[in-house]
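S.K.: Have a look at this one before I ask anything.
The values are calculated or read from the model by the stated rules, or taken from the named source; none is laboratory data. Here the structure is a predicted model, which is why all the values come from computation and not from measurement. Using ideal geometry, Cβ is built from the backbone for each residue, glycine included, and neighbour counts are taken over all protein chains shown. For accessibility, only protein heavy atoms count, side chains too; no ligands or nucleic acids. Shrake-Rupley method; radii C 1.70, N 1.55, O 1.52, S 1.80 Å.
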Amino acid sequence: QQGWINDDSVLYFEIARLFSTGEWKTAVQLFPWPFYPLLIATVHYFTALDFQLSAQVLNAALLALATHSLLRLIIIAGGDKLSLVLAALLFFSTTYIVGDVLPMLLRDQGFWAFLLSAMVFLIKFYRQHNIKDALYWQLLALTALLFRTETITYIALLPLVLLFKPDIPI
């Protein structure tokens, strides 16, 4: 970690280690929000990579999903190719995301990835009234909730925008 240690990452690695050795109860007692460490342990199990490298692979995949979802939102909003390129450049030039958060191996990338994906389907439902889009929105939002509890606010408040759409029957 280039000379510094992130307390959260150490906790996630220890919980992932406990999961990988079958000490599920101890892992959950140590940290009651174990989805991200469980994903690290799963990547470790299937790839035999160490826990830090497993987390890096997982975070790269989650960042790719977040980027894809962000670009899908721009397409839905009517963005052209130039808008997509500029958005990607802006996203990847953000020092907070790429310089600070990404190297720390936090669960934030999972939260962003699934929340942005959920928002894509909420907007699609808002526009097309397809129940499948509403179900995808809920599943993705619930998955985001497994990463961060703050998602409950989005789950509760984002659907309120549907009240302002006159052609959706309550």
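S.K.: Is there a quick way to get the dipole size of the stretch 65-127? I mean about its Cα centre, with the Cβ of Lys and Arg at +1 and of Asp and Glu at -1; what is the value in debye to the nearest 20? Please report the intermediate quantities before stating the final value.
M.R.: On the way: 5 positive and 3 negative charges, 56 e Å.
Taking the Cα centre of the stretch 65-127 as origin, the dipole is about 280 debye.
S.K.: Let me ask something additional. When Rg is the radius of gyration of the Cα atoms in the stretch 12-148 and Rh is its Kirkwood radius, what does Rg/Rh come to? Mind showing how you got there, number by number?
M.R.: Working: Rg = 16.8 Å, Rh = 16.1 Å.
On the Cα set of the stretch 12-148, Rg over Rh gives 1.04.
S.K.: In debye to the nearest 20, how big a dipole does the chain give about its Cα centre with +1 on each Lys and Arg Cβ and -1 on each Asp and Glu Cβ?
M.R.: My answer is approximately 540 debye.
S.K.: Also, quick follow-up: If you average 1/r over every pair of different alpha-carbon atoms in the stretch 60-141 and take one over that average, what Kirkwood value in Å do you get? Mind showing how you got there, number by number?
M.R.: Numbers: mean 1/r = 0.0751 Å⁻¹.
Kirkwood radius, the stretch 60-141: 13.3 Å.
S.K.: While we're on this one: First measure r as the distance between the Cβ atoms of Lys165 and Thr21, then evaluate 1/(1 + (r/R0)^6) with R0 = 35 Å and state the FRET efficiency to the nearest 0.05. Mind showing how you got there, number by number?
M.R.: Numbers: r = 51 Å, r/R0 = 1.45.
My answer for the efficiency is 0.10.
S.K.: Using the alpha-carbon centroid of each, what span in Å lies between the stretch 92-170 and the stretch 1-76?
M.R.: The stretch 92-170 and the stretch 1-76 have Cα centres spaced 20 Å from each other.
S.K.: Rg to Rh ratio, the stretch 99-153, alpha-carbon atoms and Kirkwood radius? Let's see the in-between values first.
M.R.: On the way: Rg = 12.6 Å, Rh = 11.6 Å.
My calculation of the ratio gives 1.08.
S.K.: Report, ordered by chain and residue number, the lysines lying within cross-link reach of Lys165, taken as a straight Cα distance under 21 Å and ignoring same-chain residues fewer than 8 apart.
M.R.: Within the straight-line cut-off, Lys165 pairs with Lys124, Lys132.
S.K.: Could you tell me how many degrees, from 0 to 90 and to the nearest 10, lie between the Cα long axis of helix 35-47 and the main elongation axis, the longest principal axis, of the Cα atoms of the chain?
M.R.: Rounded to the nearest ten degrees, it is 70.
S.K.: Sort the following peptides by mean Cβ neighbour count (other Cβ atoms within 10 Å, averaged over residues), highest first: 32-38, 156-162.
M.R.: On the way: 32-38: 18.0, 156-162: 12.0.
Going from most to least packed, we get 32-38, 156-162.
S.K.: For the stretch 82-132, what % of the accessible area comes from carbon and sulfur atoms, probe 1.4 Å?
M.R.: Details: 1910 of 2700 Å².
Accessible surface attributable to carbon and sulfur in the stretch 82-132 totals 71 percent.
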